[in-house]
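Here is the structure we will look at.
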Amino acid sequence: MVVQTQVLTPYQVKRYSRHIIMGQVGSIGQRKLLDAKVLIVGAGGLGSPISIYLTLAGVGAIGVVDFDTVDVTNLQRQILHFNDDVGKPKVDSARETLLAYNPDVNVIAHEEPLTSANAMEIMAPYDIIINGADNFPARYLVNDAAYISNKPLVDGSILLFDGMASVFLPGQGCYRCLFPTPPPPGEVPSCAEAGVLGMLPGMVGTIQATETVKLIMGIGKSLSGRLLLIDALDMDFRTVKLRRNPECPLCGDNPTIHELIDYELFCGVPAVAV
Ligand SMILES: [Zn+2]
């Protein structure tokens with residue numbers, strides 16, 4: 001047990017009072033949030049509500065990885081970015097918005113694509129990895145790198161009216177236990193190809209932020225071992241049990257993946273050939 005030596009300032013006690021007065025949080029829980037370091041992959045639809053709520057909660061260090069610029073088509077759902085941000089790097093727009101919400105947090109911008117070459121180094125300083133990636137190569141890369149780094153992964157994905165969320169704790173299953181290999185190119189459309197309801201990333205991202213603060217504070221029952229499926233068209237929420245798959249190529253009993261691979265190549269060829 002780590003002894004917390006730093007106390008909350010009077011301003012922090014006031015600012016976070018609605019958390020602190022909750023028995024499950026208290027000043028110890030708030031201190032854990034202030035001391036936490038989380039990495040959000042993607043400053044888009046999911047990354048927006050995730051980063052905003054974690055900023056408001058006072059999560060001390062929030063890393064954001066994105067190499068894109070703000071496009072007008074993002075504004076239908078990506079609440080980090082405003083009209084005047086179109087054309088700006090998303091990490092810059094994200095940092096401005098987050099610091100405007102709460103200057104108490106440290107926003108670390110990683111303006112580069114996450115790749116097999118840099119993922120381990122970028123993830124190293126963080127306690128928890130949060131997946132807001134919008135494409136299969138990044139999704140598998142984040143999964144593999146979080147597992148190899150031995151860090152919890154708070155996962156989420158969205159398309160059309162459907163969302164999914166889960167938590168993968170090291171050694172207790174991973175995304176590949178569910179989907180060992182990506183679908184063949186073109187089989188599952190992207191949000192750019194098929195569209196996504198603007199509020200859906202808000203729903204799923206808020207669930208990811210909730211799971212993240214629970215992990216940080218060590219409270220409640222996480223989505224680890226469960227997959228939450230959301231159908232916003234019917235407004236149906238259900239969870240299915242997830243178990244570590246002994247056949248998983250990454251975290252199974254006889255894994256075949258021991259290091260990061262070329263994910264573009266991996267996702268660009270039919271699954272059977274991998
Ligand atoms: Zn696995």
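The values are calculated or read from the model by the stated rules, or taken from the named source; none is laboratory data. Since the model is a prediction, treat every value here as computed from it, not as a measurement. Positions of Cβ are generated from backbone atoms using ideal geometry, with glycine treated the same way; all protein chains shown enter the neighbour counts. Please note that ligands, DNA and RNA were not included when accessible areas were found on the heavy atoms of the full protein model with its side chains. Shrake-Rupley method; radii C 1.70, N 1.55, O 1.52, S 1.80 Å.
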Rank these residues by their accessible area, most exposed first, probe 1.4 Å: 258, 110, 81. 258, 110, 81
Enumerate the aspartates and glutamates that residue 221 could reach by cross-link, defined here as Cα to Cα under 19 Å, with residues fewer than 8 away along the same chain left out. 127, 155, 211
Aspartates and glutamates whose Cα lies under 12 Å from that of residue 214, excluding same-chain neighbours fewer than 8 positions away: none
Which net charge results for the neighbourhood of residue 239, defined as the other residues with beta-carbon distances under 14 angstrom from its beta-carbon, given Lys and Arg at +1 and Asp and Glu at -1? +1
Report, to the nearest whole %, how much of the accessible area of the stretch 1-60 belongs to carbon and sulfur atoms, 1.4 Å probe, protein only. 63
Cα-centred dipole magnitude for the chain, charges only on beta-carbon of K, R (+1) and D, E (-1), debye, nearest 20: 1360
What do you get for Rg/Rh of the stretch 106-231 when both radii come from the Cα atoms and Rh is the Kirkwood radius? 0.94
Please work out the C-alpha center-to-center distance from the stretch 219-271 to the stretch 74-131 and express it in whole Å. 24
Estimate the FRET efficiency between residue 88 and residue 135 by the formula 1/(1 + (r/R0)^6), using the beta-carbon distance for r and 22 Å for R0, to the nearest 0.05. 0.55
Give me the accessible area per residue for the stretch 1-88, probe 1.4 Å, as a whole number in Å². 51
Applying a 10 Å radius around every beta-carbon, put 35-41, 248-254 in order of their mean neighbour count, most first. 35-41, 248-254
Using the structure shown, list the pairs from 37/90; 37/241; 90/241 with a Cα-Cα distance above 32 Å, or answer none. 90/241
Mind checking which of 65, 125, 83 is farthest towards the positive end of the stretch 44-171's charge dipole, using Cβ charges of +1 (Lys, Arg) and -1 (Asp, Glu) about the Cα centre? 125
Over the chain: helical MRE at 222 nm, DSSP H runs n ≥ 4 each giving -39500 (n - 2.57), nearest 500: -9000 deg cm²/dmol
Say we join alpha carbon atoms closer than 10 Å with springs in a Gaussian network model of the chain; which of 65, 13, 204 then has the biggest fluctuation? 13
Below 8 Å between Cα atoms, with a sequence gap of 6+, how large is the relative contact order for the stretch 133-274 in percent? 32
Which longest uninterrupted range of the chain lacks any GluC sites (Glu not before Pro) assigned by DSSP to a loop state (not H, G, I, E or B) and surrounded by at most 13 other Cβ atoms within 10 Å? 1-186
If we count every other residue with Cβ under 11 angstrom of residue 151's Cβ, Lys/Arg +1 and Asp/Glu -1, where does the sum land? 0
Top positive-direction residue, dipole computed over the chain with Cβ charges, set 28, 177, 268: 28
Sequence neighbours fewer than 8 away in the same chain don't count; with that in mind, list the aspartates and glutamates whose C-alpha is under 16 Å from residue 14. 104
Describe numerically, in nm with one decimal, the distance between label points set 7 Å from Cα along Cα→Cβ at residue 258 and at residue 194. 3.7
At R0 = 30 Å, FRET efficiency that the Cβ-Cβ distance of residue 67 and residue 231 yields, to 0.05: 0.40
